1. Please work out which residue is modelled with the highest pLDDT, limiting yourself to segment 34-50 and to residues that are in contact with a Lys or Arg (Cβ under 7 Å, 6 or more places away or on another chain) and closer than 20 Å to Glu68 by Cβ.
2. So which residues in segment 44-60 are of a type outside the set (Lys, Arg) and over 10 Å from the mean Cα position of the chain (by Cα)?
3. Can Gly59 be described as in contact (Cβ under 8 Å) with a residue 24 or more places away in the chain, closer than 19 Å to Asp26 by Cα and surrounded by 14 or more Cβ atoms within 10 Å (Cβ to Cβ)?
4. Is one or more of the residues making up segment 62-69 basic (Lys, Arg) and either crowded, with 16+ Cβ neighbours inside 10 Å or touching a Ser or Thr at 6+ places or on another chain (Cβ under 8 Å) (or both)?
5. Quick test of your reading of the structure: Thr52 fulfils all but one of (1) touching a helix residue (DSSP H, G or I) at 6+ places or on another chain (Cβ under 9 Å); (2) surrounded by 18 or more Cβ atoms within 10 Å (Cβ to Cβ); (3) not in a strand (DSSP E or B). Name the failing condition by number.
6. Going through segment 1-48 one residue at a time, which ones are assigned to a strand (DSSP E or B) and loosely packed, with under 11 Cβ neighbours inside 10 Å?
Amino acid sequence: MPTITLYTRRLCTYCGAAKQLLVSNDYDYEEVNLDEEPELMQEVMVKSGQRTMPQIFVGDHSVGGFRELYQQINSGEFASLLEQ
């Protein structure tokens, strides 16, 4: 099963909401706080094509931010990403 990686920043309400959404749906994830690793910020922005936080990845696949995660969990698309 691919790893779910959640790139976050402190004081980000959408980051907290994404963590809560993953936990409430029984998904384990690895959190990388970009406040603690600022050199990764540019890399994540290039990889995802987005500047907002959080950024969620399943393996190397960019899911997007909180709204995209919410939509994909509700549609079942997120679960199918984890089966690959």
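1. Going through segment 34-50, the residues in contact with a Lys or Arg (Cβ under 7 Å, 6 or more places away or on another chain) turn out to be 34-35, 45.
With the extra rule that they be closer than 20 Å to Glu68 by Cβ, the set shrinks to 34, 45.
Details: Leu34: 92, Met45: 87.
If we take residues in segment 34-50 being in contact with a Lys or Arg (Cβ under 7 Å, 6 or more places away or on another chain) and closer than 20 Å to Glu68 by Cβ, then Leu34 is modelled with the highest pLDDT.
2. Looking only at segment 44-60, we keep the residues that are of a type outside the set (Lys, Arg), and these are 44-46, 48-50, 52-60.
Scanning segment 44-60 gives Val44, Met45, Val46, Ser48, Gly49, Gln50, Thr52, Gly59, Asp60.
3. Numbers: in contact (Cβ under 8 Å) with a residue 24 or more places away in the chain: yes; closer than 19 Å to Asp26 by Cα: yes; surrounded by 14 or more Cβ atoms within 10 Å (Cβ to Cβ): no.
Answer is no for this residue.
4. Filtering segment 62-69 for residues basic (Lys, Arg) gives 67.
Narrowing further to those that are either crowded, with 16+ Cβ neighbours inside 10 Å or touching a Ser or Thr at 6+ places or on another chain (Cβ under 8 Å) (or both): none.
For segment 62-69, residues basic (Lys, Arg) and either crowded, with 16+ Cβ neighbours inside 10 Å or touching a Ser or Thr at 6+ places or on another chain (Cβ under 8 Å) (or both): absent.
5. Against the list (1) touching a helix residue (DSSP H, G or I) at 6+ places or on another chain (Cβ under 9 Å); (2) surrounded by 18 or more Cβ atoms within 10 Å (Cβ to Cβ); (3) not in a strand (DSSP E or B), Thr52 comes up short only on (2).
6. First, the residues of segment 1-48 that are assigned to a strand (DSSP E or B): 4-8, 30-33.
Within segment 1-48, Glu30 is the sole residue that qualifies.
The values are calculated or read from the model by the stated rules, or taken from the named source; none is laboratory data. Note that this is a predicted model, so its numbers are computed, not measured. Positions of Cβ are backbone-derived with ideal geometry, glycine not excepted, and every protein chain shown enters the neighbour counts.
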